[in-house]
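Visitor: Below you'll find the structure I mean.
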Amino acid sequence: MNNKDIEKDKEIRRRKAASKYFKSVQELKEERKSKIIYILCIIIFILFAIKLIVGEIVIPIPFEYKDNRLYEVYLNDLDMTVEVEDEKKITIIPYFLSFVQRYHGVYIGTLDIYEDIEDSPYYKLKINSYNCYAQMPSLEENEKINYKISCNTEQEYIKEKTFDTTYNLHIKRTHRGKETILYDGKLISDITEYIVEKGRYLIMITGNYNNVESKIYVSFDKE
């Protein structure tokens, strides 16, 4: 066998070796791909099983929600005392895993909780929502800048009205141990037809904005 034949034989062997190598690499990639798909299927199955059994997993964060808003609720222009529960949701895996921050506060109005309300030919409901800001000195001389703060602070703050909240309304009456749901739907202003009989009334307004749900409670008695 001359040198030319030897080189040709070496080239054929190199090509066969390269082909075998690339084939094995491709088979390994396909095997890894199949394993990854298999593992993902198992994870998805486990997540769906958890979802069906326990629903969405919600983990509370042990720090109070600090960007809470101020809510003012008026009934016939009477400033009502309101109790507020805020829940800020931070989604990690949609529909499966979330973290939540909570806040609970009471804003004192003219009419206290469970206080008797005067009879009226009509009952009009109104709610306003505000962000709260405090002022601090700026780097510029004689200027101040506003920074956002929690609305439950005792320090002085500036209110800024918000318009991005969507509301729903729930009205319930309790009398002699019997509870009756009178209204459950979108926020309405005129609630005259629901405030008729004697009893204790609970008005819950649910507000939603920026992954935050606020439950605003107003309670009063009608004699």
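Visitor: Taking 0.36 nm per intervening residue step and subtracting the Cα-Cα distance, what contour gain separates Glu27 from Glu143 on full extension? Present the calculation step by step, with values, prior to reporting the outcome.
Guide: Working: separation 116, 0.36 × 116 = 41.76 nm, distance 6.90 nm.
Between Glu27 and Glu143, full extension yields an extra 34.9 nm.
Visitor: Can you work out the FRET efficiency for the pair Ile36 and Glu83, with r the C-beta to C-beta distance and R0 = 30 Å, to the nearest 0.05?
Guide: Working: r = 50 Å, r/R0 = 1.68.
It comes out at approximately 0.05.
Visitor: Ok, one more. Within the range 38-139, what whole-number % of the accessible surface is contributed by carbon and sulfur, with the 1.4 Å probe and all protein chains included in the calculation?
Guide: Ligands and nucleic acids excluded, carbon and sulfur reach 64 percent.
Visitor: So which of Lys124/Lys186; Lys178/Lys198; Lys88/Lys126 end up more than 21 Å apart, counting from Cα to Cα? Present the calculation step by step, with values, prior to reporting the outcome.
Guide: Numbers: Lys124/Lys186 15 Å; Lys178/Lys198 12 Å; Lys88/Lys126 24 Å.
Pairs exceeding 21 Å: Lys88/Lys126.
Visitor: Same structure, new question: Cα centroid distance between the range 93-128 and the range 150-223, in Å?
Guide: Each part reduced to its Cα centre gives a spacing of 5 Å.
Visitor: Compute the length gained on full extension between Asp164 and Val54: take 0.36 nm times their separation in residues and subtract their Cα-Cα distance, giving the result in nm to one decimal. Mind showing how you got there, number by number?
Guide: Details: separation 110, 0.36 × 110 = 39.60 nm, distance 3.23 nm.
Going from the current span to full extension adds 36.4 nm.
Visitor: Here is a further query. For the range 94-223, with every protein chain kept in place, what is the accessible area per residue (1.4 Å probe, Å²)? Could the numbers behind the result be given before it?
Guide: Working: 8360 Å² over 130 residues.
For the range 94-223, the solvent-accessible area averages 64 Å² per residue.
Visitor: Full extension from Tyr122 to Ile61: what is 0.36 nm times the residue separation minus their Cα-Cα distance, to one decimal in nm? Each step should come with its number before you reach the end.
Guide: Details: separation 61, 0.36 × 61 = 21.96 nm, distance 4.32 nm.
Stretched fully, the Tyr122-Ile61 segment lengthens by 17.6 nm.
Visitor: How much of the calculated P(r) for the range 94-210 lies past 19 Å, in percent of all Cα pairs? List each step's numbers first, then the result.
Guide: Values: 4395 of 6786 pairs.
Pairs farther apart than 19 Å: 65 percent.
The values are calculated or read from the model by the stated rules, or taken from the named source; none is laboratory data. Here the structure is a predicted model, which means the values were calculated and not measured. For neighbour counting, all protein chains shown are included, and Cβ atoms are generated from backbone atoms with ideal geometry for every residue, glycine included. What goes into the accessible areas is simple: the full protein's heavy atoms, side chains included, and nothing from ligands, DNA or RNA. Shrake-Rupley method; radii C 1.70, N 1.55, O 1.52, S 1.80 Å.
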